[in-house]
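Structure first, then comments.
The values are calculated or read from the model by the stated rules, or taken from the named source; none is laboratory data. It should be emphasised that the depicted structure is a prediction, and the values quoted were computed from it without experimental measurement. Note that we place each Cβ from the backbone using ideal geometry, even for glycine, and neighbour counts take in every protein chain shown.
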């Protein structure tokens with residue numbers, strides 16, 4: 001019995017403390033293997049390196065818990081030139097002093113404690129990690145410098161790519177930018193709730209949270225060596241991804257896939273990411289009338 005507990009402890013420390021620069025394992029991305037409704041089964045035709053990282057849950061997670069949503073990792077989703085352009089756009093906004101002080105995800109995580117970690121996350125971490133592996137994130141460390149990029153810039157850079165990877169080419173109206181929950185997706189529209197570029201400097205990171213949206217697209221705009229931190233860590237699911245320029249992660253984190261941004265450990269580790277929070281699911285059925293109150297128009301599904 002003692003041996004079993006020691007084995008579990010060592011395994012958990014390995015999963016959550018050893019720097020992981022690549023997923024624990026990969027699988028071929030096929031329609032039969034993907035359980036999601038937001039991954040285009042033809043994605044590898046355009047992005048042949050795309051894959052599903054293997055998610056490995058600690059033994060202490062109850063067996064009755066629902067399985068985690070899948071994460072699709074897409075290397076070379078953006079070119080170095082595209083990444084550089086987006087960084088330039090973000091830096092230009094930053095020069096005007098228009099910092100986006102709202103962190104939309106925080107609305108889903110209102111129970112943030114004085115340590116900067118939600119009660120749920122704090123309990124989870126205390127179960128899975130000892131003091132030597134503690135997450136060094138607090139409110140004073142900062143969550144990065146956030147700027148909201150222009151809607152036209154996001155459309156030009158990402159709309160067609162997102163429609164393809166999510167299999168939503170039939171959304172002819174494309175991106176519709178609205179933070180308010182009163183605007184919902186339609187058979188022709190994808191709603192973007194937030195489009196922020198974040199610059200993480202030394203000590204910056206984000207506490208464990210969920211995103212509360214139908215899908216999240218996270219794009220690394222530069223490469224950060226693993227020794228400098230900055231990984232995206234899915235704390236319940238044994239996955240830590242180091243930033244590689246142009247790589248994107250697409251995943252669903254409404255109430256599942258608890259994750260955090262590991263603090264940047266040095267000045268050399270400055271990290272840039274672009275994040276889209278996406279709502280795309282709708283309840284319209286064939287024959288329903290869809291009304292656009294802004295435009296004063298309607299159509300029948």
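The listed residues are 212, 167, and the only one of them that is farther than 23 Å from residue 86 by Cβ and in contact with a helix residue (DSSP H, G or I) (Cβ under 7 Å, 6 or more places away or on another chain) turns out to be 212. Within segment 52-66, being surrounded by 10 or more Cβ atoms within 10 Å (Cβ to Cβ) and modelled with pLDDT under 70 holds for 60, 61, 65.
Say whether the condition of being within 11 Å of the chain's Cα centre (by Cα), buried (at least 21 other Cβ atoms within 10 Å of the Cβ), modelled with pLDDT of 95 or more and part of a strand (DSSP E or B) is met by at least one residue in segment 219-238. Yes, because at least one residue in segment 219-238 is within 11 Å of the chain's Cα centre (by Cα), buried (at least 21 other Cβ atoms within 10 Å of the Cβ), modelled with pLDDT of 95 or more and part of a strand (DSSP E or B).
Pairs linking a residue in segment 250-269 that is at positive phi to a residue that is modelled with pLDDT of 85 or more, with Cβ atoms under 8 Å and 6 or more positions apart or on different chains, are 257/71; 257/234; 257/251. For residue 244, the conditions (1) in a loop (DSSP other than H, G, I, E, B); (2) under 15 Å from residue 69 (Cα atoms) all hold with the exception of (2). Screening segment 67-114 for residues that are surrounded by 15 or more Cβ atoms within 10 Å (Cβ to Cβ), in a loop (DSSP other than H, G, I, E, B) and at pLDDT below 85 and picking the one that is farthest from the chain's Cα centre (by Cα) gives 100. The residues in segment 259-279 that are surrounded by 21 or more Cβ atoms within 10 Å (Cβ to Cβ) and part of a loop (DSSP other than H, G, I, E, B) can be counted, and the count is 2.
Only a single item in (1) assigned to a loop (DSSP other than H, G, I, E, B); (2) touching a residue at least 60 places away in the same chain (Cβ under 8 Å) is not met by residue 181, and it is number (2). Residue pairs whose Cβ atoms lie under 8 Å apart, sitting 6 or more positions apart in sequence or on different chains, and linking a residue in segment 144-171 that is free of Cβ contacts under 8 Å to residues at least 24 places away in the same chain to a partner that is part of a helix (DSSP H, G or I) and surrounded by 15 or more Cβ atoms within 10 Å (Cβ to Cβ), are 169/163.
Name every residue in segment 247-258 that is closer than 25 Å to residue 81 by Cβ and part of a loop (DSSP other than H, G, I, E, B), in order of residue number.
Within segment 247-258, the subset closer than 25 Å to residue 81 by Cβ is 247-250.
Residue satisfying the conditions is 247 alone.
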